[in-house]
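Below is one structure, written out as structure tokens; comments come after it.
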Amino acid sequence: MIYSVSDFAGGQQGTVQPFSDEDASIETLSHCSSLSERTSAAEEAGETEEMAQEDFQYKLKVYIDSTVDKSAKTRQGALDGLKTAMATKILYEFISERRMTITDSIERCLKKGKGVEQCAAASLACLLCIQLGSGIESEEVFKTLKPVFKTILNDGAANIQARQACATSLGLCTLVAEDDIMDVYATMESFESLFTHSYVREDGSRPSVNPQTTQLHTNALLSWALLLTICTGSHIRVIAQKHLSKLPRLLENDNVNMRIAAGETIALLFELIRDVDPEFDYDGWEPLCEKLNALATDCNKHRAKTDKRKQRSVFRDVLKAVEEGDFQSETIRFGTERMVIDSWVRKRTYDAFREFVGSGMNYHLQANEFIRDVFELGPPMLIDSTALKAMKSSRLERHLYNAAAFKARTKARNKFRDKRVDVGEF
């Protein structure tokens, strides 16, 4: 049987028109126009990003120039601006070219500034070293700033906040940029000369130290503990023999921050000496454990509730470390990766870096090659745009799901709570 075109057209008369050259050209033009629009949008996005980068670098240059301004307020604002930028972005190339200019500004602010400005300059020095990483560039920066740090730290007449800041910054800068282990030991001795003044004396009497000076001693102790993590095994033995019997005296300090710093340092030192000597035996083990247990279950009515809660939590972990060699591990998630804090060494190191980069820590864990090397994370991972888009969409889905669940729960609870609802309806 032969069918006509009219049979396919539902009985209506009509003919099938072939695909013409004109139609093809229109289709091609439409495709090219769409491609052109996408290309143009991509170019505009690239230009916008480039302009934003130029504006950002211009602001950084203004900040650097303003660190030598006559106005203390302007200098302070410039230091804070540079701190924020370095804490939240990777600026190695930009900073590397200007590192000595920035270093000179920091040195000037430390020497000529007062209080808050000196603190900001000390923090900026650490962020500068973190950006440059461990190498010749950061060593040059540190050689310039180390004598200034030590001068302020050991000057009893200097501003106490500046001394506290220098105690913390000297510790981290030494970890990052010191190239001679003997100089590390010398810096540790400078810290020892401070925090040992808070030791309870052998006759049981307590030194008279004001709260600000106690904070200085606490910062010195934490920096000393940070540098313990890079000491050789033989030096760890010397440190343990010299300080392990005396550090527990700091547990009797009236300041909760000092007690916690002392407890964590003791746990760290036990971890290190056991790594060096698995058969290590400490004579004062039982009295120490009794003291740690008392702090882990402290119910002293004269202490603030928040202080007691924080202290009990920390000292439960410290007691486990001393008694069992145990550590309560913690997982840090950043991007598609995760890192496990599984030792007191890693915890002290992580806390030290986080103190300076703050909320930017996860970003530095992702992108800062030096910090990734410190925590043995390998080279930075490259994530393509498709993977990032997938991650964002999954987060959005979770958010929408949680929002819907919350709304449903609220409705259900309101229904049961509403006294006007007739019980018979249920």
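The values are calculated or read from the model by the stated rules, or taken from the named source; none is laboratory data. Here the structure is a predicted model, which means the values were calculated and not measured. When we count neighbours, we look across all protein chains shown, and the Cβ atoms used for this are built from the backbone with ideal geometry, even at glycine. Remember, those area values only see protein heavy atoms, side chains included, never the ligands or the DNA or RNA. Shrake-Rupley method; radii C 1.70, N 1.55, O 1.52, S 1.80 Å.
Key figures for this structure:
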| read-out | value |
| --- | --- |
| Any chance ILE230 is within 28 Å of the chain's Cα centre (by Cα) and either open to solvent by less than 60 Å² (accessible area, probe 1.4 Å) or modelled with pLDDT under 95 (or both) | no |
| Single condition TRP285 does not satisfy, out of (1) in contact (Cβ under 8 Å) with a residue 40 or more places away in the chain; (2) farther than 30 Å from MET182 by Cβ | (1) |
| From the options ARG312, ARG348, ARG395, residue that is at pLDDT 95 or above and not polar (S, T, N, Q) | ARG348 |
| Which listed residue is open to solvent by 10 Å² or more (accessible area, probe 1.4 Å), closer than 19 Å to ASN257 by Cβ and under 21 Å from the mean Cα position of the chain (by Cα), from ALA220, ALA165 | ALA165 |
| Members of region 265-278 found to be touching a Phe, Trp or Tyr at 6+ places or on another chain (Cβ under 7 Å), under 18 Å from GLN328 (Cβ atoms) and not basic (Lys, Arg), listed by number | ALA267, LEU268, GLU271 |
| Among the candidates ASP55, ASP65, ASP80, residue that is closer than 21 Å to HIS364 by Cβ, of a type in the set (Asp, Glu), within 57 Å of the chain's Cα centre (by Cα) and at pLDDT 60 or above | ASP80 |
| Where a residue in region 199-225 is closer than 14 Å to LEU247 by Cα and touching a residue at least 12 places away in the same chain (Cβ under 8 Å) and its partner, wherever it lies, is assigned to a helix (DSSP H, G or I) and among the acidic types (Asp, Glu), with Cβ under 6 Å and at least six apart | VAL200/GLU252 |
| When residues of region 314-353 are limited to those that are in a loop (DSSP other than H, G, I, E, B) and polar (S, T, N, Q), the one nearest to VAL374 (Cα to Cα) | SER343 |
| Yes/no for LEU194 being in a helix (DSSP H, G or I) and within 23 Å of ARG346 (Cα to Cα) | no |
| Long-range neighbours under 8 Å by Cβ, at least six apart or interchain, first residue on the phi < 0 side of the Ramachandran plot and in contact (Cβ under 8 Å) with a residue 24 or more places away in the chain within region 80-97, second among the charged types (D, E, K, R) and surrounded by 14 or more Cβ atoms within 10 Å (Cβ to Cβ) | SER96/GLU137 |
| Residue pairs meeting the criteria (Cβ under 9 Å; at least 6 apart or on separate chains; first among the polar types (S, T, N, Q), in region 230-251; second open to solvent by less than 10 Å² (accessible area, probe 1.4 Å) and in a helix (DSSP H, G or I)) | none |
| Which listed residue, of GLU50, GLU93, is part of a helix (DSSP H, G or I), under 23 Å from the mean Cα position of the chain (by Cα) and either over 30 Å from SER169 (Cβ atoms) or at pLDDT below 95 (or both) | GLU93 |
| SER245 vs. criteria of a type in the set (Gly, Ala, Ser), open to solvent by 60 Å² or more (accessible area, probe 1.4 Å) and not in a loop (DSSP other than H, G, I, E, B) | no |
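Residue-wise test of (1) surrounded by fewer than 18 Cβ atoms within 10 Å (Cβ to Cβ); (2) in contact with a helix residue (DSSP H, G or I) (Cβ under 6 Å, 6 or more places away or on another chain).
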position	(1), (2)
GLY115	yes, yes
LYS146	no, no
LEU153	no, yes
ALA157	yes, no
GLN161	yes, yes
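Residue-wise test of (1) within 25 Å of LEU227 (Cα to Cα); (2) buried (at least 22 other Cβ atoms within 10 Å of the Cβ); (3) over 30 Å from the mean Cα position of the chain (by Cα).
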| site | (1), (2), (3) |
| --- | --- |
| GLN241 | yes, no, yes |
| ASN255 | yes, no, no |
| GLU279 | yes, no, yes |
| PRO287 | no, no, yes |
| ALA294 | no, no, yes |
| VAL314 | yes, no, no |
